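Read-outs throughout are calculated quantities, based only on the coordinates presented, and are distinct from any laboratory measurement. Every value quoted in this text rests on a predicted model; they were computed, and no experiment measured them. Because the Cβ atoms are built from the backbone with ideal geometry, glycine has one as well, and the counts that use them run over all protein chains shown.
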Amino acid sequence: MTLFPILYLNENIQIELVEELANLNFKAIHTLQVDNGGATDEFQLQYAANRKYIMVSYNRSDYRKLHNAWLQVGKSHYGIIVLSPGDPKYVAYRIKVFFEQKYSALTIPFCEIPPA
C-alpha cells in the first residue's frame, strides 16, 4: 500500500533511487521506465501533473523557474521536490524526512528542498 503520492523521478536522478524509495514504502517511477528520456523539463512536469505525481529532480534552478512560470500563467502541478545529487540511499532518506516533517503543511503546488 502506498502511503504517499507517487514520485516521478527526472532522468538526472539515478534509477537506483526507485528501489531505495520502494524500500521505504514509496512508489516511484523513473522517466526512463516510461520512455520519457530526453524530453524537456516542461514535458516532464506536464507528464507528472497529468498523473498527479510529484516531480523529483536534481535540476533545482530549472525546476524552480518552471514552477514560477507555471504559477504566473495559472497552471498547476502536484509538487516538485528538488535536491542536490547524492547517494540514492541518502536521497531516499531525505525524501522520507520531507514527507514526515514538511509535506502535510504544504499547499499544492509546491517546489521544495527536503531537509538535510
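For K89, a cut-off of 23 angstrom between C-alpha atoms picks up these lysines, skipping any fewer than 8 places away in its own chain: K27, K102. For K75, the aspartates and glutamates whose Cα falls under 14 Å of its own Cα, not counting residues fewer than eight places away in the same chain, are E42. A Cβ-based charge dipole, computed about the Cα centre of segment 7-112 with Lys and Arg at +1 and Asp and Glu at -1, lands at about 400 debye. Given the options G86, S61, T107, identify the residue whose Cα lies farthest towards the positive end of the charge dipole of segment 7-112 (+1 on Cβ of Lys, Arg; -1 on Cβ of Asp, Glu). Farthest towards the positive pole: T107. Evaluated on the chain, the Kirkwood hydrodynamic radius is 14.0 Å, with distances taken between all distinct Cα atoms.
So what is the diffusion coefficient of segment 1-57 in µm² per second by Stokes-Einstein at 37 °C and 0.692 mPa s, using a Kirkwood Rh over Cα pairs? My calculation gives 291 µm²/s for D. FRET efficiency for Q33 and I108, Cβ-Cβ distance as r, R0 = 22 Å, nearest 0.05? Step by step, r from the Cβ atoms, then E = 0.35.
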